[in-house]
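Okay, structure first, notes after.
The values are calculated or read from the model by the stated rules, or taken from the named source; none is laboratory data. Values in this document were obtained by computation on a predicted structure and should not be read as measured data. All Cβ positions, even for glycine, are placed from backbone atoms using ideal geometry, and neighbour counts span all protein chains on display.
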Amino acid sequence: MKIEQLSTQDAKFWQRLDELLAWESVSDDAVFTTVNTILKEVRKRGNAAVLEYTNRFDRMQAKDFAELEIPLQRLQQALNSITPAQRDALEQAAARIRSYAERQKIESWSYTEADGTLLGQQVSALDRVGLYVPGGKAAYPSSVLMNAIPAKVAGVPELIMVVPTPDGEVNELVLAAAAIAGVDRVFAIGGAQAVAALAYGTETVPQVDKIVGPGNIYVATAKRMVYGTVGIDMIAGPSEILVVCDGKTQPDWIAMDLFSQAEHDEDAQAILISPDKAFLETVQLSVDRLVETMPRKDIITTSLQARGAFIHVQNMDEAAKVANYIAPEHLELSVEQPEILVKQIRHAGAIFMGRYTAEALGDYCAGPNHVLPTSRTARFSSPLGVYDFQKRSSLINCSAQGASSLGQVASILARGEGLVAHACSAEYRLNQ
């Protein structure tokens, strides 16, 4: 397999890099029309529409909507049925995610000015959050933990999980993770109809304030379309990894790090940057040898040939420049002194520092969230965190003296804008 070789010294380097990074959602008019119809039907007919679409798309035979709610004791049953090693791994990962999330909590604050006026910010949790979890064979218990635990740490009282069970196939690890994370209700529904149920509410599914979690193109399109009625976490693109290496890490390690994201799907992107051209060639040899051992060889090969690249740079300063432009979801700094290089990094979802920090650790159990901005959106957005489940209200409490001094300023500005009622509202309180 030949991975594209680029050099910053090439005249058309930046143009080619742009072409490589470009990714257009496969959502088309047909997808949009289908999702729009589903949203309208669920909004109008509630449970009946969700039941109808679930039976059709997931090949289910539920006769009543009540059959689609998974009782909490079923989650506990799943937790008790998995192997001790699996349970221990889930619980260790959950503990680390929770410990990290606790440090993200934002507290309310205020201060009082000399005239007695109080200003501040009150922080409160969202009332209810919906968590979408892929189901069937594409099941990700790690995503349950990553999405649910920060919400619970933030203080969200009610977390509603939806997970499709095509052909009645239930993933025990997903249900076990939901038990560990403290999910409050679970419905065996998926697709755009599940997003609609969460966004608008039905006779049984309560309306939520925000929807988080990954899904296919129909789910992503539905989330985009209900945004505004509810909040959403993000519209995620294909998984990405960018490795910056000084040429001194084991080539096999780097090759497998690239595979770890390329195996997600054919649109995933894996890029390696190094100032050592010979090292890039060595990693290519490792890729060619190791890919033959991979169960998902075909996916990895397609991904690396279509969207992968080895980029030769002149030095580490240039490597940082290119990395910031790419703004990757996952960035590995596989170098001798990552704590120095990281100071030059401004745009990345998660930064993995040093030769021993495999990106895969962040996917499961390091602690920081694995829900990260993709498709260069790390230039302006952040990983999912506790702060995504909290909202802030400004606090203003004027003393009589403060009302007089501020009222004069407000009056001048309001009259300058031609808003006389605003001015009068402030003026009525002057010198009281």
Item to check | Unmet criterion (only one of (1) under 27 Å from ALA199 (Cα atoms); (2) at pLDDT 95 or above; (3) over 18 Å from the mean Cα position of the chain (by Cα)) for GLY136 | outcome: (2)
Item to check | Single residue of the range 128-156 satisfying the filter (out of contact with any Pro (no Cβ under 8 Å at 6 or more places or on another chain) and in a strand (DSSP E or B)) that is surrounded by the fewest Cβ atoms within 10 Å (Cβ to Cβ) | outcome: LEU131
Checklist entry - Only one of ALA358, ALA348 is closer than 30 Å to LYS248 by Cα, in the same structural domain as PHE259 (by TED's automatic domain parsing) and either modelled with pLDDT under 95 or crowded, with 19+ Cβ neighbours inside 10 Å (or both); which? => result ALA348
Next on the checklist: I'd like to check something: does the range 388-396 contain any residue that is over 26 Å from ILE97 (Cα atoms) and without any contact (Cβ under 8 Å) to a residue 60 or more places away in the chain?
Outcome noted: no
Checklist entry - Which one of GLN207, GLN250, GLN261 is in contact with a Ser or Thr (Cβ under 6 Å, 6 or more places away or on another chain) and not small (Gly, Ala, Ser)? => result GLN261
Checklist entry - So which helices (runs of 4 or more DSSP H) are wholly in the range 309-398 and hold at least 2 residues that are under 30 Å from ALA89 (Cα atoms)? => result 338-341, 359-364
Checklist entry - When the range 60-71 is examined, which residues are found to be more than 13 Å from ALA48 (Cα to Cα) and over 26 Å from the mean Cα position of the chain (by Cα)? => result MET60, GLN61, PRO71
Checklist entry - If you go through the range 160-180, how many residues are surrounded by fewer than 24 Cβ atoms within 10 Å (Cβ to Cβ), of a type in the set (Gly, Ala, Ser) and over 18 Å from GLU67 (Cβ atoms)? => result 1
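Condition check ((1) in the same structural domain as ASN216 (by TED's automatic domain parsing); (2) out of contact with any helix residue (DSSP H, G or I) (no Cβ under 7 Å at 6 or more places or on another chain); (3) of a type outside the set (Asp, Glu)) across all residues:
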site: GLN77; (1), (2), (3): yes, yes, yes
site: GLN92; (1), (2), (3): yes, yes, yes
site: ALA95; (1), (2), (3): yes, yes, yes
site: TYR111; (1), (2), (3): no, yes, yes
site: ALA177; (1), (2), (3): yes, no, yes
Checklist outcome for this item: The one condition LEU17 fails out of (1) in the same structural domain as ILE217 (by TED's automatic domain parsing); (2) within 25 Å of the chain's Cα centre (by Cα) is (1)
Item to check | When residues of the range 189-200 are limited to those that are under 16 Å from LEU159 (Cβ atoms) and of a type in the set (Gly, Ala, Ser), the one surrounded by the most Cβ atoms within 10 Å (Cβ to Cβ) | outcome: ALA194
Item to check | Residue tally, condition in contact with a Phe, Trp or Tyr (Cβ under 9 Å, 6 or more places away or on another chain), not small (Gly, Ala, Ser) and not in a loop (DSSP other than H, G, I, E, B), over the range 3-17 | outcome: 4
Item to check | Checking VAL42 against (1) surrounded by 14 or more Cβ atoms within 10 Å (Cβ to Cβ); (2) at pLDDT below 95, the condition it does not meet | outcome: (2)
Checklist entry - In the range 335-380, what residues are farther than 21 Å from LEU20 by Cβ, touching a residue at least 40 places away in the same chain (Cβ under 8 Å) and of a type in the set (S, T, N, Q)? => result ASN369
